[in-house]
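Heads up: the structure comes next, in structure tokens.
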Amino acid sequence: MNLKTELRENYIKILENVQKACEKSGRKIEEIKILGASKKQSPEKIKIIFELGVKMFGENYVQEAEKKILELKNFPIEWHFIGRLQTNKVKKALGLFSMIQTLDRINLAQEIQKQAEKRDLRIPVLIEINIGKELTKGGVDPEKLEEFIEEIKKFDRIKIKGLMCLPPYEENPEKTRPYFAKMREIFEKIKPYMDSEFRELSMGTSNDYTIAIEEGATIIRIGEALFGKRI
Ligand SMILES: *Cc1c(COP(=O)(O)O)cnc(C)c1O
């Protein structure tokens, strides 16, 4: 099968599943944004998927992203950073991405504030939650979220647009449902204390995006189910 046909079939399958998950949970399909998780995927594939209708892509590594974003500069793609961001990469990242989905540390916020001031920008971010409390993963401990947000609110160059998580991998996607439900609960709990820009819940990957939608996701981040296997 040629590449375009293969990617189109992947995309159509995803749209069908999104549709079903929306029907099942009484949501509107327009509420869901598909982000192509394009780490280790070629610019050629990104182009094709963009033409199919995916306007948002997420990258995990600043250096890898820089090359691709430059190569794809004529495409009006909305690039999000979804990896672990080191403070020494913030300066470069702010020139490449329109959203940082993985804010999880005060020192990272400090650096974003500093670099954003220099460029006279306000930076949209999501706060990453370590919903499975995994030692190997980034993200704010859910118990410390309120305290964390109070600190972040002091940085006037940072716009908190919502929350993001990457729960522990489960073979059976049903097992991730409690994590997504918990995210939604946290989201609803803090929403009254946030401004109207706070509305995104970024959760769900290839394996579990339908469950994430049923539990309230507004951005699903799909890699291999959309692009095929990473190289
Ligand atoms: C790689 C990645 C994804 C996509 O994972 P797939 O299993 O390929 O769908 C989503 N979110 C983050 C943060 C990732 O690093």
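Taking a point 7 angstrom from the Cα of N88 along the C-beta vector, which residues in segment 104-135 have backbone N less than 16 Å away?
Only 108, 111 fall inside the zone, counting backbone N under 16 Å.
Carbon and sulfur: what percent of segment 3-227's accessible surface (1.4 Å probe)? Walk me through the numbers on the way to the answer.
Numbers: 5400 of 11020 Å².
Whole-percent figure for carbon plus sulfur exposure: 49.
Can you list residues whose amide H is under 5 Å from I158's amide H, if they're 5+ apart or on another chain and H is modeled 1.01 Å from N?
Placed amide hydrogens put I123 under 5 Å from I158.
Of the residues R27, R119, R221, which exhibits the maximal mean-square fluctuation in a Gaussian network model of the chain defined by a 10 Å Cα contact cut-off?
Per the Cα network of the chain with a 10 Å cutoff, R119 tops the list.
Give me the Kirkwood hydrodynamic radius of segment 96-231, using the inverse of the mean 1/r over all pairs of distinct Cα atoms, in Å to one decimal. Intermediate results must be reported in sequence, preceding the final value.
Details: mean 1/r = 0.0646 Å⁻¹.
It works out to 15.5 Å.
Under 5 Å between amide H atoms, partner at least 5 residues away or on a different chain: which partners does A37 have, H built in plane at 1.01 Å?
Close amide H contacts, sequence-distant or interchain: G58, I222, G223.
Show me the ranking of peptides 177-189, 206-218 by mean Cβ neighbours inside 10 Å, starting with the highest.
Details: 177-189: 17.2, 206-218: 22.5.
Answer by packing, highest mean first, reads 206-218, 177-189.
Debye sum, Cα scatterers, the chain, no solvent: what log₁₀ I/I(0) at q = 0.08, 0.09 1/Å?
-0.28, -0.35
Points 7 angstrom from Cα along the Cβ direction at I231 and T5: gap in nanometres?
Rounded to a tenth, the inter-label distance reads 2.2 nm.
Report the one residue of I213, I190, F81 whose Cα lies farthest in the direction of the positive end of the charge dipole of the chain (charges on C-beta: Lys and Arg +1, Asp and Glu -1; origin at the Cα centre).
About the Cα centre, the residue reaching furthest to the positive side is F81.
Based on Cα positions only, what radius of gyration and what Dmax would you give for segment 37-130, in angstroms?
Taking only Cα atoms of segment 37-130, I get Rg and Dmax of 13.3, 39 Å.
Given a 1.4 Å probe, how much area per residue of segment 104-231 is accessible, in Å²? Present the calculation step by step, with values, prior to reporting the outcome.
Values: 6260 Å² over 128 residues.
Heavy-atom SASA per residue in segment 104-231 reads 49 Å².
So what is the relative contact order of segment 3-227, in percent, for Cα pairs below 8 Å that sit 6 or more residues apart? Display every interim value, and only then the final one.
Working: 389 pairs, mean separation 47.5, N = 225.
Relative contact order here is 21 percent.
Please build a GNM for the chain, connecting alpha carbons under 10 Å apart, and tell me which residue among K45, K91, K73 fluctuates the most.
Highest fluctuation among the options: K73.
Gain in length, E174 to L135, computed as 0.36 nm per residue apart minus the alpha-carbon separation, to one decimal in nm?
Residue separation times 0.36 nm, minus the Cα-Cα distance, leaves 11.8 nm.
The values are calculated or read from the model by the stated rules, or taken from the named source; none is laboratory data. This structure is a prediction, so every number in the text was calculated from the model and none was measured. Glycine also receives a Cβ, built like all others from the backbone with ideal geometry; neighbour counts cover every protein chain displayed. In case anyone asks, the SASA skips ligands and DNA or RNA and just uses the protein heavy atoms, side chains included. Shrake-Rupley method; radii C 1.70, N 1.55, O 1.52, S 1.80 Å.
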